[in-house]
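Report on the structure given below.
Every read-out reported here was derived from the displayed coordinates using simple, explicitly stated rules and does not represent laboratory data. Keep in mind that this is a model prediction, so the values were computed, not measured. Note that each Cβ is placed from the backbone with ideal geometry, even for glycine, and that neighbours are counted across all protein chains shown.
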Amino acid sequence: MGMNLAEKIIKAHLVTGNLKAGEDIAIKIDQTLTQDATGTMAYLQFEALGLKKVKTELSVSYVDHNMLQASFENADDHAFLQTIASKFGVYFSRPGNGICHQVHLERFGAPGKTLLGSDSHTPTNGGLGMLAIGAGGLDVAVAMGGGPFYLKMPEIVNIRLKGKLKSYVTAKDIILEILRRLSVKGGVGKIIEYSGSGVVELTVPERATITNMGAELGATTSIFPSDDRTKEYLRMQKRFKDFVKVQADKDAKYAEVIEIDLAKLEPMIAQPHSPDKVVPVKQLKGTKVQQVCVGSCTNSSLYDLTVTAKMLKGKQIYPDVSMTVTPGSKQVFEAIAKSGALADIIASGARIIESACGPCIGMGQAPASGSVSIRSFNRNFPGRSGTKDANVYLASPETCVAAALTGYITDPRKLGKEPRIVLPKKIDIDDSGIIPPSKNPDKVEVIRGPNIAPLPINTPMSEMLIGEILLKVGDNITTDHIMPAGAKVLPLRSNVPRIAEFVYYQVDPEFAKRAKERSGGFIVGGDNYGQGSSREHAALAPMFLGVKLVITKSFARIHLANLINFGILPATFINPADYDDIKQGNQLEILRVKEQIKAGDTIESENKTNGHKYLLRVNLTPRQREIIFAGGLLNYTRAGGK
């Protein structure tokens, strides 16, 4: 029996385990990436592990999130990141060089390699035929030190594309259609592998748009084969030496096969407030729009901005609409400047933002109260834009421009003939924004400003867990709910005591205060708890506040791993009715907790408020049990754990 593409790469990097879905495996990591919102903590953790130099083939530290320097915090963090990268053997991508996923695709991603990134959209590089996985910063720190990455072997789902996209239908519409079909939970525990005759119609940047938003499916990662299109892209990037043809065997087997006829697709749009709330654009015809944003790591390639410029050329943005455009990298920015596309965008009345994440993470450009914002981004969770009551929609750059020109949600096919796009066969390569590590690391002094706080370390697990249910929440709680992003909170990522004040702030502003007054406690959640970003602060900050246990109906993959990494016990209700029975403020008790965990996957708890008992499932591997008992991965690793 032949092997699929994902199995081939995993097998080539397998350290322990078997290629059987659901089994525990560990894989060797070739490359890592961090960004400044997660990187400060990752490098503090790398230091705390006692490591002196990275052991990967390549590690890159990007600055692309915390770009608004309204105070000293972000600038301090950037100085810390640059100097510590230089000392530890990490390449440093300067502020302004671009969004990590776009730059990594351009300059570092390689077919057949493994990439672990402290950002949930790391799978973007699956568009190059790379096994690229998002994880928490502590997992990345361990990987930088040469340790393997542990996960459960995912099921491999094949999406077969056939046919050819019609006018004004894009790669963004493909992934929106997949989200419509599968939902934000549809990829949990799975790798999405693309194949079929339709694949050859898609360029690497188009494939990257699709793999980028595979994160919104909850998938471990998404991947395309490496083929002539890949070769063409790497040749343009003057990295032909990195090309390797990597494809599935013709008789490869999959857990599931889904077919999509590209010729039958039409422009799609995700409605507030979830990426899977997808309908055809034509269904929302006439919805008034106040803001349009093109960019983010999903749709900020040279093609995306060239088509945006072509559609805007000689026209004006609708008077009631504010439009922003973000080049994904310095390379893209320079290319549109030289081609004249940038001038066309500016002449239309659109505003140009520097090459960074920006409004996608609520870092500027917050919409007006109660307004409609259409964005070519990947997430539209409530409040993520920076405005709690804004209605954010997700669509292709083409659909975004149609709204910007008309002032209403408009099917771009109504604008007439699609402009013909011809990209240059050659582009200028300038890597001056990427600084290599020092050849004399012992002479590098790491700069630590006052925003760099000491790393909080958890204590080993107690023999019993007794505490209050500090908060009870519903289904599909995101890491944005738990640990908000935005211009106010993101600059505090290297200062856990300060950022902990904002845990669950948008859901319950009194949560942090209550947790401190109770000396910690427990949280109860519904299905798919912790979906969204890889931000480990959504586990680290609750740990700092004394949270010892989170009980849900189910967890999202990365957040589950982060809870374990920081010594917070994750458990699920065996009887769904128990979720309805337990209330915020109830006192919960679990006796002999370590003994119960050692004995099996089921532990018994008692609600001391109403006398009811609940059976909870604690599905941990032997290694994860030891991590929890030690108080987290940092303690476990420093004690010699592997």
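Quick rundown of the values:
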| quantity | calculated |
| --- | --- |
| Signed unit charges on C-beta, dipole axis of the chain, positive-most listed residue HIS13, THR478, SER329 | SER329 |
| Computed FRET value (nearest 0.05) for GLU232 with ASP261, which takes r as the C-beta separation and R₀ as 30 Å | 0.75 |
| Distance in nm between pseudo-label sites at SER438 and ASP508 (7 Å out along the Cβ direction from Cα) | 4.7 nm |
| Qualifying lysines (Cα of each under 19 Å from Cα of LYS516; at least 8 residues distant if same chain) | LYS472, LYS548 |
| Angle in degrees between helix 171-182 and the longest Cα principal axis of the chain, rounded to the nearest 10 | 40 degrees |
| Simple label model, 7 Å out from Cα along Cβ direction - LYS288 to LYS417, nm | 3.5 nm |
| Neighbour net charge for THR38 - beta-carbon separation under 13 angstrom, K R +1, D E -1 | -4 |
| Computed E for LYS55/ALA453 - FRET, C-beta separation, R0 22 angstrom, nearest 0.05 | 0.20 |
| Cross-link partners of LYS315 among lysines (Cα-Cα below 25 Å; sequence separation of 8 or more within a chain) | LYS166, LYS172, LYS282, LYS285, LYS288, LYS338, LYS414, LYS417 |
| Net length gained if the chain between GLU501 and ASP389 were fully extended (0.36 nm per residue, minus Cα distance) | 38.1 nm |
| Local electrostatic count at VAL90 - Lys and Arg +1, Asp and Glu -1, tallied over other residues with Cβ under 14 Å | +3 |
| Pairs of lysines in region 1-69 (C-alpha under 22 Å apart; 8 or more residues apart or interchain) | 9 |
| DSSP beta bridge pairing in the chain, given as percent antiparallel to the nearest 5 | 35 percent |
| Trypsin sites (Lys or Arg not before Pro) within region 455-496, DSSP loop, no more than 16 other Cβ atoms inside 10 Å | LYS488 |
| Helical mean residue ellipticity (222 nm; -39500 (n - 2.57) per DSSP H run of 4+; nearest 500) of the chain | -8000 deg cm²/dmol |
| Theoretical gain in end-to-end length, ASN18 to ALA79 [0.36 nm per residue, Cα-Cα removed] | 17.7 nm |
| Label-to-label distance, nm, for residues given as ALA577 and LYS313 (7 Å Cα→Cβ offset) | 6.7 nm |
| Cα-based helix-to-principal-axis angle, 36-48 vs the chain, degrees rounded to 10 | 40 degrees |
| Chain lengthening between SER71 and THR609 when straightened (0.36 nm per residue, less Cα-Cα) | 189.0 nm |
| Whole-Hz ³J(HN,Hα) from phi, Karplus 6.51 cos²θ - 1.76 cosθ + 1.60, for region 456-462, glycine and proline x | x, 10, 6, 9, x, 5, 6 |
| 0 to 90° range, to nearest 10: angle between helix 330-339 axis and the chain longest Cα axis | 10 degrees |
